[in-house]
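Below is one structure; the comments refer to it alone.
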Amino acid sequence: GKQATWGGRFSSGPAELMQRFSESVSFDARLAPFDVQGSKAHAAMLAHVGILTAKECSAIQKGLDTVLKDIQAGNFTWDITCEDVHMNIEQELTRRVPAAAKLHTARSRNDQVATDMRLFFKHACAEIDTALGMALSALLTLAEASQEIYLPGYTHLQRAQPVSAAHHLLAYIEMFVRDRERFAQIADRANWCPLGSGAIAGTTLPIDREFTALQLGFVDKKGKPRVTRNSMDAVADRDLFIEFASACALCGVHWSRVAEDVILWNSAEFGFIKLPDSFTTGSSLMPQKKNPDSFELLRGKAARLQGHVTALMAMTKGLPLTYNRDLQEDKPPVFDAFDQTMICLAVLAGSFDGAAFNEEKCAAAVSDPALLATDLVDYLVVRGVAFRDAHHIIGALVGLSEKKKLPLNELSLADVQGVSDKFAADWVDVFNVPAALKKREKTGMPGPRQVKKQLAKWKASLRLD
Ligand code: ARG
């Protein structure tokens with residue numbers, strides 16, 4: 001193997017077991033594009049302040065390009081004796097370009113990896129934004145087609161009140177839009193350049209941190225460079241890792257709740273939704289089965305994402321400042337959170353693309369007149385009955401309908417007038433679901449005009465790539 005870059009004070013190299021134990025290149029090699037980007041900017045800065053000649057800088061930058069090209073073409077041999085992505089690239093570069101022995105001037109792997117990861121987070125947040133856009137677009141399309149499909153809304157998993165399927169889907173859209181905002185905020189907090197912090201205490205060399213930050217696009221809205229303000233925090237801080245994993249986990253909580261609704265709706269007992277063949281699977285034993293596996297896996301993966309947040313927080317909470325090698329373990333959970341979030345959002349979009357509500361089953365379920373018992377309370381309130389009294393009266397009617405084994409709306413006028421003289425012949429008009437929804441047209445309510453307005457708003461405002 002190659003000689004470790006830090007080998008000067010050692011008389012023997014690490015044990016083979018230690019090499020296998022301590023390497024991270026098996027999982028951090030994917031940082032190569034960001035590592036090269038960071039090194040090119042660092043080299044440019046070193047030339048800018050006169051530490052590198054223009055010739056050395058250009059040779060280093062060209063060399064970095066060829067190394068990255070080879071990595072991306074699969075023509076690069078990663079070597080665990082070089083520990084991580086940073087040293088693998090630097091050693092190979094130095095083999096190709098001798099001037100690269102000066103590249104690590106005024107830099108440590110501690111500020112280097114912090115920089116790589118901040119570049120990664122900006123990239124990852126943008127990718128997730130696009131994936132969320134696709135999921136939102138699929139939800140919006142189904143919602144637009146489902147404005148006149150009514151189904152029971154539930155509390156305690158008990159039928160509560162009727163809503164349109166579109167209103168139900170719009171609830172998910174709100175959640176995913178908040179996720180989108182969260183990822184945008186995380187990208188903004190990632191947008192500070194740690195380079196120049198060194199290992200912990202900066203450097204005595206005359207570097208220009210703002211120059212590097214500008215090169216790497218760590219800039220505010222006005223284009224001013226953003227550099228981290230404390231060298232110790234910059235190399236020890238893992239807030240972004242935790243925030244990013246948390247945002248993925250919370251997004252997972254959202255798609256998992258969607259999944260749970262869909263799994264219930266897809267059961268024979270509910271039958272509210274039909275799922276596409278392309279995102280369901282069969283049973284190896286029972287020929288009749290069509291299982292909602294995509295949604296079950298979405299629910300399962302959400303748990304895995306929560307584990308990543310726990311791992312990152314537990315890893316960080318007891319660490320003395322500043323860098324400790326424990327922190328190398330910060331990457332697998334973050335990368336997995338990213339990869340799983342990307343594929344989950346794509347699967348969510350794909351599963352909704354071919355899904356459709358089963359109108360008849362929804363109509364049958366929503367025709368349960370008890371769903372409008374609350375509207376019947378309002379009927380009495382409008383006729384001057386105090387709410388608490390009205391609630392009691394309708395409760396008595398529900399009891400009577402159960403006793404008579406009749407649906408609520410099939411009680412006779414004499415029956416209901418026997419409970420309250422405020423009932424008139426028009427009392428049965430309450431049991432009309434579309435009419436009940438038309439009375440709910442204040443902001444945020446499930447009235448058809450409200451729903452249409454929300455759909456139009458999202459259609460216009462979401463950047464649905
Ligand atoms: N591979 C290391 C990590 O991910 C890079 C930083 C190493 N720094 C050090 N002082 N050993 O944490």
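The values are calculated or read from the model by the stated rules, or taken from the named source; none is laboratory data. Being a predicted model, the structure only gives us computed values, none of them experimental. So basically every Cβ, Gly included, is an ideal-geometry build from the backbone, and we count neighbours across all protein chains shown.
For the residues Arg178, Arg109, the requirement of being modelled with pLDDT of 95 or more, within 16 Å of the ligand (Cβ to nearest atom) and at negative phi singles out Arg109.
Within the stretch 370-384, the set of residues being touching a helix residue (DSSP H, G or I) at 6+ places or on another chain (Cβ under 7 Å) and either in contact (Cβ under 8 Å) with a residue 12 or more places away in the chain or crowded, with 20+ Cβ neighbours inside 10 Å (or both) comprises Ala370, Leu372, Ala373, Asp375, Leu376, Val377, Tyr379, Leu380.
Selection of the stretch 60-93 for residues being touching a Leu at 6+ places or on another chain (Cβ under 8 Å) and more than 16 Å from the ligand (Cβ to nearest atom) yields Ile60, Gly63, Leu64, Val67, Leu93. Selection of first residues in the stretch 202-214 that are touching a residue at least 40 places away in the same chain (Cβ under 8 Å) and of second residues that are crowded, with 21+ Cβ neighbours inside 10 Å and part of a helix (DSSP H, G or I), restricted to Cβ pairs under 7 Å at least 6 apart or on distinct chains, gives the following pairs, ordered by first then second residue: Ile207/Met45; Asp208/Met45; Phe211/Met45; Thr212/Ala41; Thr212/His42; Thr212/Met45. Among the residues making up the stretch 133-162, those that are within 19 Å of Met445 (Cα to Cα) and either touching a Lys or Arg at 6+ places or on another chain (Cβ under 9 Å) or among the polar types (S, T, N, Q) (or both) are Leu140, Glu144, Ser146, Gln147, Leu151, Pro152, Gly153, Thr155, Gln161.
Checked against the criterion of being among the polar types (S, T, N, Q) and buried (at least 21 other Cβ atoms within 10 Å of the Cβ), the candidates Asn88, Asn75 yield just one match: Asn88.
Listed here are the residues, each with its yes/no results for (1) modelled with pLDDT of 95 or more; (2) over 30 Å from Ala236 (Cβ atoms); (3) out of contact with any strand residue (DSSP E or B) (no Cβ under 7 Å at 6 or more places or on another chain).
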{"position": "Ser267", "(1), (2), (3)": "yes, yes, yes"}
{"position": "Ile273", "(1), (2), (3)": "yes, yes, no"}
{"position": "Gln288", "(1), (2), (3)": "no, yes, yes"}
{"position": "Gly300", "(1), (2), (3)": "yes, yes, yes"}
{"position": "His308", "(1), (2), (3)": "yes, no, yes"}
{"position": "Met313", "(1), (2), (3)": "yes, no, yes"}
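Please give the number of the condition Glu210 fails out of (1) part of a helix (DSSP H, G or I); (2) surrounded by 19 or more Cβ atoms within 10 Å (Cβ to Cβ). Every listed condition holds for Glu210 apart from (2).
Annotation: Val385 fulfils all but one of (1) within 20 Å of Leu136 (Cα to Cα); (2) outside the structural domain of Gly300 (by TED's automatic domain parsing); the unmet one is (1).
When restricted to residues that are assigned to a helix (DSSP H, G or I) and either more than 24 Å from Cys251 (Cα to Cα) or out of contact with any Leu (no Cβ under 6 Å at 6 or more places or on another chain) (or both), the stretch 144-164 contains 1. When you check Val36 against the structure, is it surrounded by 21 or more Cβ atoms within 10 Å (Cβ to Cβ), within 16 Å of the ligand (Cβ to nearest atom) and either part of a helix (DSSP H, G or I) or within 27 Å of the chain's Cα centre (by Cα) (or both), yes or no? Answer is yes for this residue. Scanning the stretch 110-159 for residues that are surrounded by fewer than 22 Cβ atoms within 10 Å (Cβ to Cβ), charged (D, E, K, R) and out of contact with any strand residue (DSSP E or B) (no Cβ under 9 Å at 6 or more places or on another chain) yields a count of 4.
Taking the conditions (1) more than 14 Å from the ligand (Cβ to nearest atom); (2) not assigned by TED's automatic domain parsing to the domain that holds Ile51 in turn, Arg118 satisfies each one other than (1).
Among the residues of the stretch 153-169, are any touching a residue at least 40 places away in the same chain (Cβ under 8 Å), under 13 Å from the mean Cα position of the chain (by Cα) and more than 23 Å from Thr115 (Cα to Cα)? No, the conditions are met nowhere in the stretch 153-169.
The residues of the stretch 1-33 that are in a helix (DSSP H, G or I), in contact (Cβ under 8 Å) with a residue 60 or more places away in the chain and within 14 Å of the ligand (Cβ to nearest atom), listed by number, are Gln19, Ser22, Val25, Phe27, Asp28, Arg30, Leu31.
For the stretch 321-369, residues that are away from the ligand (no atom under 14 Å from the Cβ), without any contact (Cβ under 8 Å) to a residue 40 or more places away in the chain and not acidic (Asp, Glu) total 2.
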